[in-house]
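One structure is given here, and the rest of the page talks about it.
The values are calculated or read from the model by the stated rules, or taken from the named source; none is laboratory data. Because the structure is a prediction, the values reported are computed rather than measured. Because the Cβ atoms are built from the backbone with ideal geometry, glycine has one as well, and the counts that use them run over all protein chains shown.
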Amino acid sequence: MPDRKRALWAVAEQTRGKLASVTPEVLGQARRLAAEAGGCEVAAILLGKDVGALAKDLLACGADKVFLVEDPALELYQNDTYGTVLHRLIRREQPEVVLFGATAVGEELAPTVAARLDTGLGAHCTSLALAPDGLLTMGVLGFGGRLHTEMFCPARRPQMASVKPGMFTPLPREEGKGKILREEASALLSGADIRLRTVRIVKEEPEGMPLEDADVIVAGGWGIGGKENWRLLTELARELSGATGCTRPALDEGWTDGEHTMIGTSGKTVQPKVYLGFGISGSPHHTVGIKDAGIIISINSDPRAPVFECSDYCVEADFRKILPLLLSEIRRAKVPA
Amino acid sequence: MPELKFTQSQEMLRKAVREFVEKEVKPIAHRIDVENRFPADVFQKMGQLGFAGVFVPQTYGGAGLGQTERAIILEELARHAAGLAMALMTHHLGVEAILAYGTDEQKAKYLPDVATGKKISGLAVTEPTGGSDVAGQLANASRDNGHWVINGRKCFITNSSNAEVNIVTARTGEDAKGRPAFSAFIVESGMEGFSPGREEDKLGLRGSSTGDLLLNNCRVGEGSLLGGEGNGMRMALGLFTKIGRTGMAAIGLGIIRACLEEGVKFAKERVIYGKPLAKLQAIQFEIAQNRIEYEAARLMTYHSIGLKESGSGADAEIAAAKYFATEGAVRAAKRTMDLMGGYGVINEYPVGRYLRDALTTISCGGTSHIMQIIVAGQTLN
Amino acid sequence: MGELNLVVLVKPVPDPSCYDRIEIDPATGALLRQGMPAVLNPADKHALEEALVLKERFGGRVAMVSMAPGSASETLMEGLAMGADEACILSDRAFAGSDSLATSRVLSAGIRKIGPFDLVLAGNESADGGTAHVPSQVGELLGVAHLTNVIRMEVGPGGSVTARTRIENGYIEVRGSLPMVVGVRREINTPRYTSLMGVMAAQDKPIRVWGAEDLGVNAAEAGMEGSSMRPGRLSRPDYRRKGEILKGSHEETVRRIVAILRAEGVLG
């Protein structure tokens, strides 16, 4: 790979001037990879309209350089406009590695770009490592979280990967000392076949604390049995100033606050200080989402529930007996002596 | 003798039916039993998928299949909700009556609705004086000015409160030897002088209504006579064999399979003396018994139906299958209940319902006593 | 607008309810899939349902295309029973080991071989691999507009398309026009049950099997040779922790939990 610059790129994601939470995570990991490989440049690419302020943020998150592409045509995300710009930039600059956050947008944009570049793409990677010779090891999960495979892209370049949100931690922010390079969007878009038109992007911020920000997560699964019982969970979360999470079976039953509270391979990955799970059997689909939690306490009436193997503390009891006692004990403990 | 094997399309059919049952019926099975509520909405869905008119030609809106496919459907349904299977089973009695014995006008008028499940059907033969003794029926019908007037009271009629198309038998005269002759009539709910009566609170097969039908100077047109005057008994007996007993055998089979599967699940999960229950030889014997019962009932049921479909009389084989599958279901349910210990008598577990359902199948479509008489009769001739 | 030529990309996958049985051969390090029955990828049923609804509305044909071994015909019968008109299995030893782009090349060749198309639908991702790459990459290779994560889709007269794609905590409303490739999420619809009539009709519907030569796909474009991605080591993730059982009465257990919460500084 002698004629490629050893640059690591992170494609930043923003909606309406707000950076996606996965972007600092990807940049943080890119910095770590750069160090692993013996030092290389980390660049971020930012597309949009009136997003210049975010470029500084990206430098603070670990980018040495930001390619800033601003244009009215890029105000709202579309896979053809964004894909064209990225494709042409990558072809021109020839980075070694290009990383995306595996958000819904990333899920569409990364393979679009990979197809145009005729190169490989690791999907929803849960781990990344970069060897000094420049080869990227991409860890991916399959079969609902039960199988881990290391993937490589030995020949084609760039090596591309989409990164599962919540897997990596951002670096502490530092005053960015890097450069911001403004790119001419019309040049990058000229002659491109644009067939889609994004009319609008609608964000419905859900109520309640996002799982990603919570120090305490109280989660429930199939064993909760109904909406009535679910209220006990939300009460406990409130008492502990935390957030409520769920597994897929509970979500499918309609007891929960919504898909944004689901923890698992197809949901969120979380790293709270304390995770309390009630009525959760512990399928790998879910446990992969909490594997980096601080302390895991699980309550389940089935002594052979798989979740106990993945927990720090196990309570073999009916949650219906434990939860009310726990609530009153916590309230008692919070009253100043 | 070649092995008994289902065709690929029959296997596909079973898979499709099972998927429906597991998604739509299994979750409400317990509630159907507890509330004794007929799930009309689910029956409608079943109708749209072709279950109600499985053996009705496609020209009349049916699926154009046969009795084997029907039995597969009943077995799959009964695996989770034998009461609902009973309602469908009974519906088929009325459907076949019209299909086999109706005039073109009657078929055109009734089949499209019953084949799609839009209207529910039933067969009303049994009376307080004539159940096993079919000829003991007292309901009678006589001509009056181009109409028939029917009087009588039928009892233990399944789908009594929700069937819109009822096939009712009544005495209409005497045969050449002076014995009572019966005829069959298509009586629609809402017709003058016809109404469902009291509903029974059954031990099992709950979720299907079973009760009285009251005919009080019920006036029906000539067009309601089904299959010709005096043919009622022959028709009824034919329906009992071809549709009734085969259906009950399939339902019994479904219950046996339910017991087998629940028993296996319980034996694998329950830990006793530090090991799964399934490690104990005594339990293994019970599981084996359930399995053997299932295999035998399965072969008898589908083989006897296949015989009948290919043109043989198969009366004894069908009676034997009904007898074995339903009595076997009772044994399997009791066996599984014993296997489950205390849990067997907790209503949260379905095995109590399986036992009640199985016990109730004994007297449907002909009791075990009658089945043995049929088998003996053919064997001794 | 006239009838629609609809294509649905389907994939037989090992039955997700069996995924707990996944084993890795200790000798070869390869995946052991023994005894896991194959089913139609759950997300693909939603794609097929969307196609059937469009066919009912506009008329036309629905063809299923699948890159799979020839034995997949049994699984594809399920789609025929739901209402698809034909199935095309793209099967060749040369396709084994394809990454998502190589798979997309093969699928695109299959789609082209069927003829002109108006809409290609696919489930967003498959239950076993789950890359979600195929809809975009097939779209790119066919040179048409494409969307992934679609949760709602309306086709208007003249082939205009209005779609909603799911993003975190919201959606994007996007316009385009046929021909397109669309990857759908399961929340887009509820797939119909298979009727008995559908099962019978499926028996007579054509299932074609095409190999690399039929498709004009050469070795360098598909399979291991045509793939940029290479798999390495397989392993079963280990999320085990100390698993200390809190013994005692409910009251004692609860007090211990509160002590842990206090120690972690989350009692607030």
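The table below lists the values:
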| read-out | value |
| --- | --- |
| Positions within the stretch C:238-261 being touching a helix residue (DSSP H, G or I) at 6+ places or on another chain (Cβ under 7 Å) and outside any helix (DSSP H, G or I), in sequence order | C:TYR239, C:ARG240, C:ARG241, C:GLY243, C:LEU246 |
| Selection from the stretch C:225-235 of residues that are among the charged types (D, E, K, R) and either more than 7 Å from chain A (Cβ to nearest Cβ) or surrounded by fewer than 13 Cβ atoms within 10 Å (Cβ to Cβ) (or both) | C:GLU225, C:ARG233 |
| Filter result (modelled with pLDDT under 90, surrounded by 15 or more Cβ atoms within 10 Å (Cβ to Cβ), in contact with a strand residue (DSSP E or B) (Cβ under 8 Å, 6 or more places away or on another chain) and facing chain C (nearest Cβ under 10 Å)) within the stretch A:297-337 | none |
| Leading residue by the ranking (farthest from the chain's Cα centre (by Cα)) among those in the stretch A:197-231 that are modelled with pLDDT of 90 or more and in a loop (DSSP other than H, G, I, E, B) | A:GLY221 |
| Residues satisfying the stated conditions in the stretch A:232-246, i.e. assigned to a helix (DSSP H, G or I) and either within 11 Å of chain C (Cβ to nearest Cβ) or of a type in the set (A, V, I, L, M) (or both) | A:LEU232, A:LEU233, A:LEU236, A:ALA237, A:ARG238, A:GLU239 |
| Test: residue in the stretch C:84-98 that is within 14 Å of chain A (Cβ to nearest Cβ) and at positive phi | yes |
| Some residue of the stretch C:122-129 being buried (at least 17 other Cβ atoms within 10 Å of the Cβ), of a type in the set (D, E, K, R) and within 24 Å of A:THR81 (Cα to Cα) | yes |
| Tally, over the stretch B:116-142, of residues that are out of contact with any strand residue (DSSP E or B) (no Cβ under 8 Å at 6 or more places or on another chain) and more than 21 Å from B:VAL165 (Cβ to Cβ) | 5 |
| Leading residue by the ranking (surrounded by the most Cβ atoms within 10 Å (Cβ to Cβ)) among those in the stretch C:168-196 that are touching a His at 6+ places or on another chain (Cβ under 9 Å) and within 14 Å of chain B (Cβ to nearest Cβ) | C:PRO191 |
| Within the stretch A:266-279, considering residues that are out of contact with any strand residue (DSSP E or B) (no Cβ under 6 Å at 6 or more places or on another chain) and either among the polar types (S, T, N, Q) or not in a loop (DSSP other than H, G, I, E, B) (or both), the one nearest to the other protein chains (Cβ to nearest Cβ) | A:SER266 |
| Pairs, first touching a residue at least 60 places away in the same chain (Cβ under 8 Å) and under 12 Å from B:PHE38 (Cβ atoms) in the stretch B:190-216, second crowded, with 20+ Cβ neighbours inside 10 Å and acidic (Asp, Glu), C-beta under 6 Å, six or more apart | B:LEU205/B:ASP357; B:ARG206/B:ASP33 |
| Number of the exception - A:GLY134 against (1) part of a loop (DSSP other than H, G, I, E, B); (2) at negative phi | (2) |
| Verdict on B:ALA250 being within 30 Å of B:ASP133 (Cβ to Cβ) and within 19 Å of the chain's Cα centre (by Cα) | yes |
| Sole exception among (1) closer than 20 Å to B:GLY365 by Cβ; (2) outside the structural domain of B:ALA321 (by TED's automatic domain parsing) for B:LYS242, by number | (2) |
| Residues of the stretch B:34-68 satisfying the condition of being under 30 Å from B:ASP201 (Cα atoms), outside any loop (DSSP other than H, G, I, E, B) and more than 12 Å from every other protein chain (Cβ to nearest Cβ) | B:VAL34, B:GLU35, B:ALA40, B:ASP41, B:PHE43, B:GLN44 |
| Strands (runs of 3 or more DSSP E) within the stretch C:141-207 that include 3 or more residues touching a Lys or Arg at 6+ places or on another chain (Cβ under 7 Å) | C:145-155, C:160-167, C:170-177 |
| Complete set of residues in the stretch C:124-167 that are of a type in the set (Val, Ile, Thr), touching a Gly at 6+ places or on another chain (Cβ under 7 Å) and facing chain A (nearest Cβ under 7 Å) | C:THR148 |
| Residue match in the stretch B:74-93 (condition: more than 10 Å from chain C (Cβ to nearest Cβ), part of a helix (DSSP H, G or I) and surrounded by fewer than 22 Cβ atoms within 10 Å (Cβ to Cβ)) | no |
| Qualifying residues in the stretch C:24-46 (those that are within 12 Å of chain A (Cβ to nearest Cβ) and in contact (Cβ under 8 Å) with a residue 12 or more places away in the chain) - the one farthest from the chain's Cα centre (by Cα) | C:GLY29 |
| Candidate set: the stretch B:118-157, residues that are farther than 24 Å from B:GLU222 by Cβ and at pLDDT 95 or above; chosen: the one surrounded by the most Cβ atoms within 10 Å (Cβ to Cβ) | B:ILE120 |
| Residue satisfying condition, being away from chain C (no Cβ under 14 Å), modelled with pLDDT of 95 or more and within 20 Å of the chain's Cα centre (by Cα), within set A:LEU89, A:LEU46 | A:LEU46 |
| Condition met for B:ALA250 (under 23 Å from B:GLY83 (Cα atoms), of a type in the set (A, V, I, L, M) and touching a residue at least 24 places away in the same chain (Cβ under 8 Å)) | yes |
| Selection status of C:ARG185, in contact (Cβ under 8 Å) with a residue 12 or more places away in the chain and within 21 Å of A:ALA123 (Cα to Cα) | yes |
| Residue satisfying condition, being within 14 Å of the chain's Cα centre (by Cα), outside the structural domain of B:ILE346 (by TED's automatic domain parsing) and charged (D, E, K, R), within set B:GLU96, B:GLU19, B:GLU24 | B:GLU96 |
| Any hit, the stretch A:247-264, residues being facing another protein chain (nearest Cβ under 8 Å), β-branched (Val, Ile, Thr) and over 19 Å from the mean Cα position of the chain (by Cα) | no |
| Residues that are more than 18 Å from the chain's Cα centre (by Cα) and assigned to a loop (DSSP other than H, G, I, E, B), drawn from the stretch B:117-136 | B:LYS118, B:PRO128, B:THR129, B:ASP133 |
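Yes/no matrix, rows are residues, columns are (1) of a type outside the set (A, V, I, L, M); (2) in contact with a Cys (Cβ under 7 Å, 6 or more places away or on another chain); (3) surrounded by fewer than 23 Cβ atoms within 10 Å (Cβ to Cβ):
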{"residue": "A:CYS61", "(1), (2), (3)": "yes, no, no"}
{"residue": "A:GLU75", "(1), (2), (3)": "yes, no, yes"}
{"residue": "A:ARG88", "(1), (2), (3)": "yes, no, yes"}
{"residue": "A:VAL97", "(1), (2), (3)": "no, no, no"}
{"residue": "A:GLY101", "(1), (2), (3)": "yes, no, no"}
{"residue": "A:GLY106", "(1), (2), (3)": "yes, no, no"}
{"residue": "A:LEU109", "(1), (2), (3)": "no, no, no"}
{"residue": "A:VAL113", "(1), (2), (3)": "no, no, no"}
